[in-house]
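We did not get these values from a lab; they are worked out from the coordinates using the rules stated. Worth saying up front: this structure is predicted, and the values here are computed from it rather than measured. Neighbour counts are summed over all protein chains in view; Cβ atoms, including those assigned to glycine, are modelled from backbone coordinates with ideal geometry.
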Amino acid sequence: MQRNGLWVLRLGCAVLWLATCLGAAQAETVSLMVGGQEKQIYLPVVLAEKLGYFRDEGLDVRVLSEPAGIEAADEMLAGAVQGVIGFYDHNIELQSLGKYTMSVVQLGVAPGEAEMITSRAPQVKGVGDLKGHRLGVTGLGSSTDFLTRYLLAKAGLKPGAAVLIPVSAGDTLISAMETGQVEAAMTTEPTVSRLIALHQARVLVDLSTDRATRAALGGPYPAACLYMEAGWVEAHRPVVKRLVAALVRSLHFIATHDGAEIAEHVPRGFYAGDRAMYVAALDAGKGMFSPDGLMPEGGPQSVLKVLREVLPTVRSAPIDLSRTYTNAFVTGLH
């Protein structure tokens, strides 16, 4: 009996091992590039990875990071990754260049950004006062670049009235502000809160929520999303559906938990040494996340208006907005 029992135990272990191996073999590997995964605007993809939502969908998702969204898009177009967690506006810009990509799930209903002005410039009361100043953006051709140029134009300043300098985010931007390399900068949390805590800068323009964004830009500006090449989406629809399901589940987690609970599942390095500050910024900014993953009504048209103001290629190209996003994968979940 003992020998038979031992044989059954060994057989059970072998079956379990084989099932585990088969499950791993069947997991679809997908690489996603994020334009700085430590930024709170991209929290849904971090949570989907840390909470095992991708794994639950049978996906082996490799999340890679670049400091700026435009660099992430370049990686995807070069074939290094299958998708980008970045801003929706890049889909419109890329179409104007003859490259068709689309947002398959909308993660952010607002940019979650702020234009920060150095504390050494109390005379700057509005964007119109930035003439002649050095302004930081994450990268030239990035969404922060687009938004900064639009704010300048909306304030009546002509192109070239201010100098835009790529300074990334986080420590690099903070150093650039401290040394005077830039006097203002468009950035996200937790960098916004860090600049305020260090008394280095104050908020000049708030784009952290949908309401604030509409007031500043004159309309909505759906931002963070998962976007992919249209051809890849069509050829891998089951995989895209599973990616979207995991990210929508992540959005639901954000909507139903407070900042402290969410922060427990974020790498400690994202706190930049101050967990309380990180949690406070997250609680204040949760409204930037989409509640359901759908593209907000009127969002694409509003983003197109902004880009036509600042990008000659978009201004001169016929843009088919229906090819820049799809709600099909999100609505298919319900």
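So here's what we get for this one:
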quantity: Filtered residues of the range 281-334 (kept if among the aliphatic types (A, V, I, L, M), over 19 Å from the mean Cα position of the chain (by Cα) and part of a helix (DSSP H, G or I)); calculated: 310, 314, 321, 328
quantity: Which numbered condition residue 183 misses (of (1) within 22 Å of the chain's Cα centre (by Cα); (2) over 27 Å from residue 300 (Cβ atoms)); calculated: (1)
quantity: Tally of residues being out of contact with any strand residue (DSSP E or B) (no Cβ under 7 Å at 6 or more places or on another chain), surrounded by 14 or more Cβ atoms within 10 Å (Cβ to Cβ) and part of a helix (DSSP H, G or I) across the range 254-280; calculated: 11
quantity: Residue within the range 134-143 that is in a loop (DSSP other than H, G, I, E, B), at positive phi and of a type in the set (S, T, N, Q) present; calculated: no
quantity: Every pair of residues 6+ apart whose Cβ atoms lie under 6 Å, when the first sits in the range 321-332 and is in contact (Cβ under 8 Å) with a residue 40 or more places away in the chain while the second is surrounded by fewer than 21 Cβ atoms within 10 Å (Cβ to Cβ) and not hydroxyl-bearing (Ser, Thr, Tyr); calculated: 329/241; 330/294
quantity: Among residues of the range 172-195, those that are without any contact (Cβ under 8 Å) to a residue 60 or more places away in the chain, farther than 19 Å from residue 140 by Cβ and touching a helix residue (DSSP H, G or I) at 6+ places or on another chain (Cβ under 9 Å), counted; calculated: 1
